[in-house]
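One structure is given here, and the rest of the page talks about it.
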Amino acid sequence: MAIDYGIIEKKWQKRWIEANLDKSERDDSKKKFMIIFAYPGVTGYLHVGHLRGYSYVDAIGRYKRMTGYNVLFPVGTHATGNGGISLAKKIASGDEKTIDYLKRNGCPDDKIPELGKPMSVIEFFNGVYVNEYWKRFGFLSDWRRFTCTLYPDYARFIEWQFRKLMDAGLLIQKPYYASVCPNCGPVAVDPSETDLSKGGRAETQEYTLLKFRHGDEFLVAATLRPETVYGQVCFWVNPEVEYKKVRKGPETWIVSPQAAEKMELQMDGVEVVGSVPGREMIGWKCEAPMIHREIPVLPATFCNPDVGTGLVTSVPSDAPDDWISLEAVKKDKGMAAEYGLSQELLDSVVPISIIEMKGYGEFPAKDVIDRMGIKQPGDPKLVEAKKQVYKDGYHMGRMKDVCGKFAGMRVEEAKDRMRQEMIDSGEAEVFYDLTEEVVCRCGARVHIKRLDDQWFINYADEELTRKTSDHCRTMDINPPEYRENVHAVLNWYRERACARQGNWLGTRFPFDDKWIIEAISDSTLYPVYYLISLYANDGRLRPEQMTEGFFDYAILGKGDARKVSESTGVPEDLLERIRKDVQYWYPLDINLGGKEHMTVHFPGFLMNHVAILPEGMWPRGITVNWYVTGKNSDKISKSKGGAQPIPGAAAKFGVDAMRLYYAHIASMFVDVEWSEDAVMMYRQRVDRIAALVQDLIDSEKDSEETPMDAWLVSRFNTHIREIREAMDSYDLRQMCTIVYFDMLNDMKWYSRRGGCRKETIIEALRIWIQAMMPVTPHTAEELWEHAGFEGLVSAGQLPEADSAKISAGAEYGENLIRDIMSDIGEVRKIAKIEPSRIILYTSPKWKRDVMSRAVEMLDKGELSVPALTKACMSDEAIKKNGKAASELAKKVAVDFARSSADSKRPLFETDEFALLSGAKDFLADETGLPVEIMDADAEGIYDPQNKARAAVPGRPAIFLE
RNA sequence: GCCGGAGUUGCCAAGCCUGGUCAAAGGCGAUGGACUCAAGAUCCAUUCUCGUAGGAGUUCGCCGGUUCGAAUCCGGCCUCCGGCACCA
């Protein structure tokens with residue numbers, strides 16, 4: 001009878017709730033296990049890829065439940081930032097794409113008008129995540145503890161956390177250059193373009209502003225290569241641009257209008273005081289910084305007023321644009337005449353070779369231009385040429401002798417030194433700009449702005465880093481590559497801007513409420529808050545009661561319960577109860593998150609725990625999972641919404657099939673390409689197993705005990721042991737291979753060999769169905785019930801492997817049968833005869849004796865070729881076989897020496913004649929030929945081709961005739 | 001560039017830490033067979049090459065080394081992928 005997964009999913013999820021399996025309560029008599037996945041950001045619908053990590057967590061939690069642990073698996077969502085705002089805005093304005101996206105993902109039409117406010121969108125998606133994803137997938141999470149970063153009680157927790165960071169001296173203020181929208185405040189510039197309508201690929205570049213004196217004013221050029229100042233020979237101005245004169249302190253600078261605007265954001269006291277047409281500046285002479293030489297100002301159209309300052313210092317030796325433009329200017333007689341540039345002046349401008357690079361000649365810029373076939377200014381290939389020569393110059397270049405005291409220095413080093421020297425002498429300044437046009441969601445242009453009083457969490461703190469790093473060595477971090485690398489990540493982790501101004505959702509910074517705590521910083525210590533959210537959610541705790549004193553007591557055990565109770569109004573027994581919960585459940589055993597968390601969330605998570613909590617509460621484990629990708633190995637994009645909605649996939653494949661797909665398709669630590677065919681395959685496998693189990697349960701057949709029963713029971717007990725071993729390292733994939741492949745094959749083999757004893761089958765099914773519970777819980781429950789077993793599998797305990805029931809001999813015997821079948825097949829294929837019967841000769845006793853002696857010696861550590869030979873020759877029964885005996889002894893000695901005694905013992909302990917005789921009918925059925933078993937020791941056996949002597953224990957001789 | 005990861009037999013993917021039992025699990029696909037009126041599903045077998053009886057040979061990105069022995073350890077090279085921050 002086929003299972004209707006849609007029905008059984010609902011049925012069992014309801015039963016679990018009725019049995020209170022979702023509620024986790026402290027139980028001091030039981031070991032605890034607390035596991036979470038890094039909660040998702042609320043940015044819209046999730047896709048099938050996200051369920052991968054989530055379902056690992058549920059499976060691990062379920063496994064821990066059935067092996068004696070009291071498990072807590074709470075969930076929440078992260079909504080800090082401006083995702084909710086921009087989504088609500090789009091919905092409110094009726095943005096067609098957004099509305100379509102909602103509908104496509106199953107949002108009811110009448111719901112849409114309600115989603116025009118940020119909090120209502122967030123609440124809507126909280127509901128989607130919990131009901132359509134997590135509950136739909138059968139998670140046994142403690143739903144009562146659900147929390148969201150925008151809840152008022154959560155905010156109290158974050159305020160407390162920041163107070164503790166301040167107490168620890170980890171909050172610092174310093175200047176910061178942030179991407180800022182004039183309306184919305186700081187925005188995130190990243191490829192997901194959550195905050196942007198354009199320019200997510202832009203990068204922030206650090207320019208060095210170089211000041212060129214002209215009279216009492218300065219032409220200001222922006223460069224990325226301050227180390228090339230020794231090669232400056234002229235200065236480029238775009239004649240078409242009307243430049244601005246800007247007062248900057250006591251000085252007057254000339255820059256493009258766009259640059260003037262940007263500078264106002266980054267520097268103090270910048271003010272536009274006039275303008276000067278670029279055309280007018282052509283022919284000026286200005287004094288270059290560092291080298292203090294006068295160089296001429298020449299016209300160049302490639303100077304983009306939107307990039308840098310719109311003015312460029314020219315280093316033709318190493319800048320392709322400069323080289324090609326200089327050549328063009330020199331050739332263009334008309335232009336020279338137009339700007340009154342004398343031939344003499346132009347002739348005086350000669351490139352200076354300043355950097356030595358492997359693979360390049362005197363003038364790298366020229367080389368690259370020739371190589372790429374660039375003929376004139378404006379060629380789009382110049383972009384690539386520039387990149388190439390910059391990159392090679394930076395990594396391979398060395399300063400030549402003309403570069404004064406920097407001569408001989410590697411470019412990597414010279415760059416920083418020269419820049420610093422010019423800054424110190426007042427000839428240069430630092431300036432930040434974006435590499436391309438960035439436009440905020442609101443439509444305004446985004447620029448880099450300096451903030452003087454930006455708050456940072458000082459993750460660069462040496463002691464904190466060291467303590468965290470040390471602690472990581474005691475943690476269970478998977479995969480092992482990350483366990484190794486996490487130390488490097490912690491070292492690299494620097495001060496992090498932790499608050500922002502502008503239009504953001506989040507908790508206000510407790511020391512200055514013009515700041516909002518940003519998204520990464522309010523999501524580091526939260527697992528401990530799940531122990532408190534329970535009481536906030538059911539109304540026993542009100543946000544205003546959650547004072548610093550409350551958290552100090554509840555989380556840190558600091559202070560006096562009675563006083564805290566008096567000052568907050570929280571009943572003392574409740575306070576004690578929360579305190580005990582915290583002590584019981586914490587530390588967190590596993591935090592599981594996608595690989596994107598390795599360099600961002602996990603370091604913050606670790607360091608905040610170490611910084612704020614006592615050592616006994618520091619996390620015990622981190623597991624990183626890789627992605628399910630779309631084609632082209634992208635993440636399946638949630639913003640593009642192309643992927644199938646999760647509830648649709650669940651309905652199509654069944655939740656259990658999807659859970660099995662996630663658990664088994666590949667190791668947790670590799671990316672997997674989403675494939676419906678693959679999921680379908682797992683669906684079929686679940687179907688097949690369910691059908692087989694139901695047939696077994698329903699079967700009327702029964703029989704007396706045979707050796708096959710011991711075999712099956714042995715196999716299943718071996719599997720329990722293997723499952724436990726695999727799950728000790730959370731290897732779900734290995735576990736699934738055993739449960740859904742190996743155990744299925746064993747069950748089939750048992751039937752194929754004629755096994756049908758009811759008692760054995762029931763014993764095996766009891767084990768098997770329980771083993772299915774962590775990954776395919778609904779199917780497991782359905783089969784459990786069908787079998788008439790008591791209670792819920794999800795509430796039960798996986799039996800321990802019973803070593804008394806594990807029989808190496810029984811398992812060996814069946815392997816031998818399989819080997820023989822395979823060998824018969826092979827001989828049959830090659831022999832090219834049409835046999836009419838099969839004769840199997842078992843091995844003579846003396847050969848078993850040789851092996852027996854070998855194992856004896858192996859146990860004592862005395863096994864060697866001469867020793868074994870000698871021992872055998874002292875045994876008359878063996879010795880009389882002459883050369884065959886010594887040859888066998890040699891072979892056995894060499895072979896056995898490499899393996900364990902236990903693995904060889906069944907070779908001579910098995911009664912092959914009895915085993916094969918028992919399997920005679922089976923072999924005859926399988927091969928379609930009559931089978932005879934002959935004992936090699938018996939007198940006068942039929943052996944026309946003298947095959948019997950080839951028989952060795954574990955390898956009966958085969959004769960086809 | 002820095003940090004990290006990967007390259008396995010038609011495809012996906014185990015194995016590599018702890019060298020031998022590895023021609024290398026499992027799945028998919030393919031081929032043959034059973035079942036069926038038929039299709040699908042299911043079951044069985046085969047799926048690197050050769051083969052005169054269960055055997056032999058050549059393989060695990062490339063080159064070299066260590067070792068009695070290497071997919072596994074070491075060195076070098078080639079190719080591909082991810083992260084490099086305020087983005088969860």
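The values are calculated or read from the model by the stated rules, or taken from the named source; none is laboratory data. Bear in mind that the values here come from a model prediction, so they are computed numbers and not experimental data. We place every Cβ from the backbone using ideal geometry, glycine too, and count neighbours over all the protein chains shown. With ligands, DNA and RNA removed, areas are computed over all heavy atoms of the protein, side chains included. Shrake-Rupley method; radii C 1.70, N 1.55, O 1.52, S 1.80 Å.
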Reported set for region A:471-480 where residues are within 12 Å of RNA strand B (Cβ to nearest atom) and crowded, with 17+ Cβ neighbours inside 10 Å is A:Asn478, A:Pro479
Which helices (runs of 4 or more DSSP H) sit wholly inside region A:792-907 and have at least 2 residues that are exposed (fewer than 13 other Cβ atoms within 10 Å of the Cβ) and within 16 Å of RNA strand B (Cβ to nearest atom)? A:808-831, A:883-897
Going through (1) among the acidic types (Asp, Glu); (2) more than 16 Å from RNA strand B (Cβ to nearest atom); (3) under 30 Å from A:Ala328 (Cα atoms) one by one, A:Asp392 fails only at (2)
For A:Lys558, indicate whether it is farther than 22 Å from A:Val75 by Cβ, surrounded by fewer than 16 Cβ atoms within 10 Å (Cβ to Cβ), touching a residue at least 12 places away in the same chain (Cβ under 8 Å) and more than 16 Å from RNA strand B (Cβ to nearest atom). no
Evaluate region A:407-430: report whether one residue or more is at pLDDT below 85, surrounded by 16 or more Cβ atoms within 10 Å (Cβ to Cβ) and part of a loop (DSSP other than H, G, I, E, B). yes
Given the conditions (1) surrounded by fewer than 15 Cβ atoms within 10 Å (Cβ to Cβ); (2) assigned to a helix (DSSP H, G or I), and given that A:Cys403 satisfies all but one, which numbered condition is not satisfied? (1)
Does at least one position in region A:438-458 carry a residue that is over 23 Å from A:Ala221 (Cα atoms), within 11 Å of RNA strand B (Cβ to nearest atom) and touching a helix residue (DSSP H, G or I) at 6+ places or on another chain (Cβ under 7 Å)? yes
Of all residues in region A:44-86, how many are over 17 Å from A:Phe137 (Cα atoms), of a type in the set (A, V, I, L, M, F, W, C) and either in contact with a Leu (Cβ under 6 Å, 6 or more places away or on another chain) or within 14 Å of RNA strand B (Cβ to nearest atom) (or both)? 3
Looking only at region A:657-704, filter to residues that are more than 18 Å from A:Cys736 (Cβ to Cβ) and aliphatic (A, V, I, L, M); which one of those is most open to solvent (accessible area, probe 1.4 Å)? A:Ala691
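Residue-wise test of (1) assigned to a helix (DSSP H, G or I); (2) open to solvent by 10 Å² or more (accessible area, probe 1.4 Å); (3) in contact with a Ser or Thr (Cβ under 9 Å, 6 or more places away or on another chain); (4) more than 13 Å from RNA strand B (Cβ to nearest atom).
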{"residue": "A:Tyr740", "(1), (2), (3), (4)": "yes, no, yes, no"}
{"residue": "A:Glu781", "(1), (2), (3), (4)": "yes, no, yes, yes"}
{"residue": "A:Glu785", "(1), (2), (3), (4)": "yes, yes, no, yes"}
{"residue": "A:Gly788", "(1), (2), (3), (4)": "no, yes, no, yes"}
For the structure I just gave you, tell me whether A:Leu923 is touching a strand residue (DSSP E or B) at 6+ places or on another chain (Cβ under 8 Å) and either touching a residue at least 60 places away in the same chain (Cβ under 8 Å) or surrounded by fewer than 21 Cβ atoms within 10 Å (Cβ to Cβ) (or both). yes
Sole exception among (1) closer than 30 Å to A:Phe509 by Cβ; (2) open to solvent by 40 Å² or more (accessible area, probe 1.4 Å) for A:Ala444, by number: (2)
Considering each of A:Glu961, A:Glu912 in turn, give the residue that is within 12 Å of RNA strand B (Cβ to nearest atom), crowded, with 17+ Cβ neighbours inside 10 Å and of a type in the set (Asp, Glu). A:Glu912
Residues of region A:338-350 satisfying the condition of being farther than 18 Å from A:Pro316 by Cβ, open to solvent by less than 80 Å² (accessible area, probe 1.4 Å) and either among the polar types (S, T, N, Q) or free of Cβ contacts under 8 Å to residues at least 60 places away in the same chain (or both): A:Gly340, A:Ser342
Is it the case that region A:531-549 has a residue that's under 29 Å from A:Tyr63 (Cβ atoms), within 16 Å of RNA strand B (Cβ to nearest atom) and crowded, with 23+ Cβ neighbours inside 10 Å? no
Of all residues in region A:203-221, how many are within 11 Å of A:Pro289 (Cα to Cα) and either within 16 Å of RNA strand B (Cβ to nearest atom) or open to solvent by 60 Å² or more (accessible area, probe 1.4 Å) (or both)? 1
Considering residues that are over 22 Å from A:Tyr56 (Cβ atoms) and more than 8 Å from RNA strand B (Cβ to nearest atom), the number found within region A:668-690 is 1
For the subset of region A:493-509 comprising residues that are buried (at least 20 other Cβ atoms within 10 Å of the Cβ) and touching an Asp or Glu at 6+ places or on another chain (Cβ under 9 Å), which member is nearest to A:Met598 (Cα to Cα)? A:Cys498
Every listed condition ((1) at pLDDT below 95; (2) surrounded by 23 or more Cβ atoms within 10 Å (Cβ to Cβ); (3) assigned to a helix (DSSP H, G or I)) holds for A:Arg483 save (2)
Positions within region A:572-585 being over 15 Å from A:Arg540 (Cα atoms) and open to solvent by 10 Å² or more (accessible area, probe 1.4 Å), in sequence order: A:Lys580, A:Gln583, A:Tyr584
Pairs under 7 Å by beta carbon, first residue basic (Lys, Arg) in region A:479-494, partner open to solvent by 30 Å² or more (accessible area, probe 1.4 Å) and part of a loop (DSSP other than H, G, I, E, B), six or more apart or different chains? A:Arg494/A:Ala460
Test: A:Thr718 is within 27 Å of A:Glu814 (Cα to Cα), more than 12 Å from RNA strand B (Cβ to nearest atom) and open to solvent by 40 Å² or more (accessible area, probe 1.4 Å): no
So, in region A:586-617, of the ones that are outside any helix (DSSP H, G or I) and among the polar types (S, T, N, Q), which residue ends up surrounded by the fewest Cβ atoms within 10 Å (Cβ to Cβ)? A:Thr599
Inside region A:372-400, the number of residues satisfying the requirement of being assigned to a helix (DSSP H, G or I), charged (D, E, K, R) and out of contact with any Gly (no Cβ under 8 Å at 6 or more places or on another chain) is 4
Answer yes or no as to whether A:Lys198 is modelled with pLDDT under 95, surrounded by fewer than 21 Cβ atoms within 10 Å (Cβ to Cβ) and away from RNA strand B (no atom under 13 Å from the Cβ). yes
Working only within region A:586-607, note down all residues that are closer than 15 Å to A:Tyr54 by Cα, touching a residue at least 60 places away in the same chain (Cβ under 8 Å) and not polar (S, T, N, Q). A:Ile590, A:Leu592, A:Gly593, A:Gly594, A:His597
Hits in region A:926-958 (condition: open to solvent by 30 Å² or more (accessible area, probe 1.4 Å), of a type outside the set (D, E, K, R) and part of a loop (DSSP other than H, G, I, E, B)): A:Gly928, A:Pro930, A:Ala938, A:Gly940, A:Ile941, A:Tyr942, A:Pro944, A:Gln945, A:Asn946
